[in-house]
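Asker: Let me begin by handing over the structure; questions about it come next.
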Amino acid sequence: MKPQTSPEPPAISAVADVKVDHAELDASIASFVERSTAYYARAFHRIHDTTRGIPLTFNWAAALLGPIWAAGRGVWGFFWGFLILEIIAWVQIGRGTWGELGADNLAQAARQEARAGDFLERAEAARLAGEDPTRFETLAGNLLRAAERSRETAAAAAADAMSILVTGLVLLLVLKVAQGVWANIAYEKQYTRWRIDPDSVFSGVRPRNVVLGIVLALAVAPLTIYRFTVEDVSPLLTAFPADPDHYTLSARWLESQIDAAARGGAGAFDSIVLAVRGVLDTISLALMGTPWPVVMTVICVVAWRSAGPRVAIFTAAALAYIAFLGYWEIAMETVALVGAAVVICVIAGIPFGIWFGKSQRAYRFAEPVLDLMQTLPAFVYLIPIIAFFGTGNPPGILATIIFGMPPVIRLTALGIRGVPESIKEAASAFGASRWQILKDVELPLALPSIMTGVNQTILMCLSMVVIISLIGGGGLGQVILEALQFAAKGPGLLGGFAILFVAMVIDRIVQGAFRRADQK
């Protein structure tokens with residue numbers, strides 16, 4: 001007697017085994033498209049049934065109306081992409097139809113002939129005066145030959161008008177076919193997004209969108225085609241009609257406001273400079289006042305304890321490079337500048353990051369300010385810094401703080417917001433206070449993000465070393481500035497490598513310390 005075996009369950013091995021409620025799908029498509037429901041239902045079904053290649057559907061409305069169809073259906077990516085391509089095609093058609101091909105060459109030929117006429121007149125005057133007219137006749141002959149070549153070039157360009165016209169017509173026809181083929185595919189993708197999130201994805205046809213599409217097309221296409229097909233373009237299209245007085249008045253008003261603020265807040269600005277100078281002097285005394293063997297030994301030991309022997313060996317080699325080239329004092333001045341900036345950035349940035357991580361309203365208010373601090377070119381910071389704080393190392397540190405503080409603020413806020421609510425609720429349920437939750441739960445869990453922000457702040461502060469030398473800052477940036485002024489390639493490269501080694505040493509020590517703390 002054979003042993004009985006249980007039958008294996010049937011396996012679904014093909015997409016065709018999945019049942020689709022076509023009536024419900026058609027109703028969903030009809031709700032989405034609102035008009036021409038039967039056509040789009042057939043097109044979407046064909047797209048769904050096609051597993052390989054491009055679905056063979058053609059949308060005559062999209063082919064004929066082009067971007068206007070896309071605007072009415074709310075497929076704005078389709079609208080802008082094909083509007084730009086159609087403008088290119090119409091530019092070629094315009095150049096081949098009414099474009100003055102070779103007009104610039106004809107104008108150049110006319111100028112050359114006029115100049116040749118002047119030389120011929122001077123040759124005739126020299127002949128009447130009994131002088132040798134050969135030089136003027138030679139120049140005139142050269143210009144006449146150049147004018148002839150310019151006219152030949154213009155004639156060749158004019159002869160290409162028919163080929164350019166045909167190219168534009170063929171391109172326009174290809175674009176129309178491409179729009180008819182791609183329209184239903186793009187619209188079906190929008191339908192798929194609509195089924196996932198119907199509140200944020202556009203559906204149906206709206207007359208106001210059609211009007212908006214026509215207005216946008218008329219605002220973009222005719223002027224662009226006119227600009228690239230007509231030689232004598234109106235100056236209003238090539239240069240904005242700006243009034244120079246607006247610039248002068250705005251600059252004077254802004255300068256007067258900055259001067260008034262500098263005079264009114266002189267005491268506060270001086271206090272800030274004194275506080276920054278105190279931090280800088282303390283760090284400078286520790287690095288530059290202490291004998292160099294002690295400083296070098298301490299740095300190597302810190303690198304060993306923080307990141308291991310490999311980083312310690314690299315640190316010793318980098319410090320040896322700096323010392324043997326005579327950069328020790330100015331390198332320590334650079335480390336003091338960067339250290340003072342980083343200390344202030346971290347002390348001020350982490351509390352701000354915690355606040356912004358806990359208060360979404362405060363973060364929304366501060367986000368534009370952080371964007372401004374990060375995107376405004378670093379050289380622009382130097383203008384108000386000089387006006388308010390003068391020149392030298394402390395103002396340079398303040399400019400570095402503005403540039404380097406946003407990363408630690410953003411990443412601290414990101415780390416605080418990334419702490420799971422369930423963990424905080426569990427800590428609160430066990431009786432932890434808000435301070436205990438912050439100190440023992442949120443900060444440890446957010447530490448990887450916070451340390452990444454500190455690392456980015458250090459590197460961004462180091463990138464400002466050369467820039468702050470423009471306002472009297474010292475350190476290795478002064479070496480690079482002098483090398484640029486005198487085009488000294490050797491000193492510039494040696495100083496640049498010294499800055500690189502300082503940055504790498506600080507970065508490796510901080511990263512190594514973070515990895516070891518994370519492993520524990």
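The values are calculated or read from the model by the stated rules, or taken from the named source; none is laboratory data. Being a predicted model, the structure only gives us computed values, none of them experimental. Please note: Cβ atoms are built from the backbone with ideal geometry, for glycine as well, and neighbour counts cover all protein chains shown.
Asker: For region 206-247, name all the residues that are surrounded by 10 or more Cβ atoms within 10 Å (Cβ to Cβ), assigned to a loop (DSSP other than H, G, I, E, B) and of a type in the set (D, E, K, R).
Answerer: Across region 206-247, the qualifying residues are Arg206, Glu231.
Asker: I would also like to ask the following. Only one of Gln478, Gln485 is polar (S, T, N, Q), in contact with a Ser or Thr (Cβ under 8 Å, 6 or more places away or on another chain) and modelled with pLDDT under 85. Can you tell me which?
Answerer: Gln478
Asker: Let me ask another. Tally the residues that are among the aromatic types (Phe, Trp, Tyr) and not in a helix (DSSP H, G or I), restricting the search to region 472-504.
Answerer: Here is the first cut: in region 472-504, the residues among the aromatic types (Phe, Trp, Tyr) are 486, 497, 501.
Next, from what is left, pick out any that are not in a helix (DSSP H, G or I): 486.
Residues that pass the stated criteria total 1.
Asker: Right, another one. Of everything in region 444-465, what is surrounded by fewer than 20 Cβ atoms within 10 Å (Cβ to Cβ), closer than 20 Å to Ala426 by Cα and in contact (Cβ under 8 Å) with a residue 60 or more places away in the chain? Give them in sequence order.
Answerer: Correct list: Leu447 only.
Asker: Within region 372-412, track down each residue that is free of Cβ contacts under 8 Å to residues at least 12 places away in the same chain and of a type outside the set (A, V, I, L, M, F, W, C).
Answerer: Initial filter on region 372-412 (free of Cβ contacts under 8 Å to residues at least 12 places away in the same chain): 372, 375-377, 380, 383.
Passing the criteria: Thr375, Pro377.
Asker: Right, Arg252: basic (Lys, Arg), loosely packed, with under 11 Cβ neighbours inside 10 Å and over 35 Å from the mean Cα position of the chain (by Cα) or not?
Answerer: So Arg252 fails the test.
Asker: Condition check: modelled with pLDDT of 90 or more and either surrounded by 15 or more Cβ atoms within 10 Å (Cβ to Cβ) or closer than 22 Å to Thr192 by Cβ (or both). Does Gly96 satisfy that? Show your work before the answer.
Answerer: Numbers: modelled with pLDDT of 90 or more: no; either surrounded by 15 or more Cβ atoms within 10 Å (Cβ to Cβ) or closer than 22 Å to Thr192 by Cβ (or both): yes.
Here the answer is no, as Gly96 does not meet what is asked.
Asker: I'm told Phe32 meets every condition in (1) in contact (Cβ under 8 Å) with a residue 12 or more places away in the chain; (2) not in a helix (DSSP H, G or I); (3) not polar (S, T, N, Q) except one. Can you identify the failing condition by its number?
Answerer: In the conditions (1) in contact (Cβ under 8 Å) with a residue 12 or more places away in the chain; (2) not in a helix (DSSP H, G or I); (3) not polar (S, T, N, Q), Phe32 misses (2) alone.
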